[in-house]
Amino acid sequence: MLALSNSCRYFLYRSPTDMRYGIYSLAGLVRNELGFDPSSGDVFVFLGKRLNQIRLLQWDRDGFAMYVKKLEQGTFEWLKSEDIAITAIN
């Protein structure tokens with residue numbers, strides 16, 4: 001279960017991501033393109049090109065957990081640089 005807290009670090013992947021990617025493809029992006037360990041327990045956030053879908057990837061003690069939210073209407077908004085409370089990467 002995903003519990004948002006101050007004990008985790010959150011990383012926003014700033015490039016549009018193919019929302020067909022599964023757990024291992026997203027973990028590959030984290031490891032190969034970002035240089036982070038996907039099994040660190042940090043939460044990695046990915047947005048699709050249309051900004052209507054978001055995926056969160058996190059290592060959860062014994063395996064990966066991926067959380068998906070797809071909006072029926074509207075879009076997610078990119079954070080403005082002055083509003084960023086999480087570390088944005090790429």
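Just to be sure I understand: if I project the alpha-carbon convex hull of the range 17-74 onto a plane and average over all orientations, what area do I get in nm²? Can you show the working numbers first?
Details: hull surface 15.6 nm².
Projected over every direction and averaged, the Cα hull of the range 17-74 covers 3.9 nm².
Calculate one ³J(HN,Hα) per residue across the range 19-27 by plugging θ = phi - 60° into the Karplus curve 6.51 cos²θ - 1.76 cosθ + 1.60, and present them in order as whole Hz with x for glycine and proline.
3J(HN,Hα) across the range 19-27, in whole Hz: 6, 7, 5, x, 4, 6, 5, 5, 4.
Rolling a 1.4 angstrom probe over the protein heavy atoms, how many square angstrom per residue are accessible across the range 26-82?
The answer is 64 Å² per residue.
Using the basic label-point model (7 angstrom from Cα toward the beta carbon), what is the Gln73 to Arg9 distance in nanometres?
Taking the simple label geometry, Gln73 and Arg9 are separated by 4.0 nm.
The values are calculated or read from the model by the stated rules, or taken from the named source; none is laboratory data. For clarity, every value in this text was computed on a predicted model and none was experimentally measured. With ideal geometry, Cβ positions are generated from the backbone for all residues, glycine too; neighbour counts draw on all protein chains shown. Heads up: the accessible areas ignore ligands, DNA and RNA and are worked out on the full protein's heavy atoms, side chains in. Shrake-Rupley method; radii C 1.70, N 1.55, O 1.52, S 1.80 Å.
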